[in-house]
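First up is the structure itself, then whatever we jot down about it.
The values are calculated or read from the model by the stated rules, or taken from the named source; none is laboratory data. Values in this document were obtained by computation on a predicted structure and should not be read as measured data. Note that each Cβ is placed from the backbone with ideal geometry, even for glycine, and that neighbours are counted across all protein chains shown.
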Amino acid sequence: MERVLCLLYHRVNPEPDPVYHLTVTPQNFEEQMGYLKDHYPILRFEEDWTKPGEDGVAITFDDGYADNYKYALPILEKYRVPATIFVSTGYVGGGQEYWWDEIARVLTREMAYPDRFELKDSLYQYTWKTQSPEERREVIRSLHWLLKMDADVERANLWLEQLRTWAGLGREGREENLPMDLEQLRGLSRSEYITIGAHTVNHRSLGAQGRQGQEYEIGASVRFLEKRLERKIETFSYPFGSAVHFDQNTLEICAGNGIVKAATTVKGLWRKDTEPYQVPRVEAQDKGGKEFERFIEECWRLV
Ligand SMILES: [Zn+2]
């Protein structure tokens, strides 16, 4: 291949995601797969892209939402399109939403909120106003940044507990937002069109962590999947994935754990000289028909 356009999806779901915009509707996804299958060779993420051939497209999903199983898998199988799904293993089958969705679940409800939210522990103390939707959006943004950059999972879980208690909510996640359970993960892995890759345990920035933390996040997620799926895991994607969210340690630790190719969220096309541990991707868009065709044409103009 001369160039590969590697698309990054998160969710295929009829329910919109007004906070993070991570969903593509099943109808648009079906149109997208039909179009891509008709116009390009669809490559598996893990295969050798350096062999001669025309430009190709690869399909990837990050995180491991249950909707990948429910809505994306039947469409991928119908159009015979292979895809790689990178799973954050700490959430498999837990019945709780990913931490970013949990923050949004608590702060975007139709209910009367207290005047302010105070986050307090031995290290931090923050206070936010929480009366208007705009103020609560600001809390979502702040908490998202704090949890992304702070790898102390125990502390973060206490923060989330404080937030739930403050809003009077339990732990149970919204059905449509749940991560996949073990049966769904196994079902995906059994499909001849699906490859499972790893995406850390807790979905924090790897670049914000030292070597030891990264060793755990990468190694434990790979081992979890290899044990449950009884197959070798050779692909990985870095949470958040832009250049600040991984470093030289990350690439070395991935190589040491048997990973042969890894995906970033750096926007661009794969070319022959692309480093295999830094495959650029382009975030998919919730578009159908001609709009999607124009989007793909624009992607090929990227450097
Ligand atoms: Zn992710």
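Highlighted here are the strands (runs of 3 or more DSSP E) found entirely within the range 82-184 that include at least 1 residues which are buried (at least 20 other Cβ atoms within 10 Å of the Cβ) and among the hydroxyl-bearing types (Ser, Thr, Tyr): 83-87. Being under 17 Å from SER205 (Cβ atoms) and not basic (Lys, Arg) is the filter here; which residues of the range 119-153 pass it? If the condition is that a residue be under 17 Å from SER205 (Cβ atoms) and not basic (Lys, Arg), then SER142, LEU143, HIS144, TRP145, LEU146, LEU147, MET149, ASP150, ALA151, ASP152, VAL153 are the ones that fit. Given the criterion crowded, with 16+ Cβ neighbours inside 10 Å, in a loop (DSSP other than H, G, I, E, B) and among the basic types (Lys, Arg), identify the matching residue among LYS287, LYS232. Unique residue meeting the criteria: LYS287.
Within the range 192-206, residues that are of a type in the set (Lys, Arg) sit with their Cβ atoms under 7 Å from residues that are away from the ligand (no atom under 14 Å from the Cβ) and in a loop (DSSP other than H, G, I, E, B), at 6+ positions apart or across chains, in these pairs: ARG204/ALA151.
Yes/no matrix, rows are residues, columns are (1) surrounded by 19 or more Cβ atoms within 10 Å (Cβ to Cβ); (2) free of Cβ contacts under 8 Å to residues at least 40 places away in the same chain:
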| site | (1), (2) |
| --- | --- |
| LEU7 | yes, no |
| PRO16 | no, yes |
| VAL19 | no, no |
| THR23 | yes, no |
| GLN27 | no, no |
| TRP49 | yes, no |
| ILE59 | yes, no |
| TYR69 | yes, no |
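In the range 34-76, of all residues being assigned to a strand (DSSP E or B) and within 16 Å of the ligand (Cβ to nearest atom), the one that is farthest from VAL303 (Cα to Cα) corresponds to TYR65. Every listed requirement among (1) away from the ligand (no atom under 16 Å from the Cβ); (2) surrounded by 15 or more Cβ atoms within 10 Å (Cβ to Cβ); (3) of a type outside the set (Phe, Trp, Tyr); (4) part of a helix (DSSP H, G or I) is met by ILE218 save one, (1).
Only one of the numbered conditions (1) modelled with pLDDT of 95 or more; (2) not assigned by TED's automatic domain parsing to the domain that holds SER88 is not met by ARG186, and that is (2).
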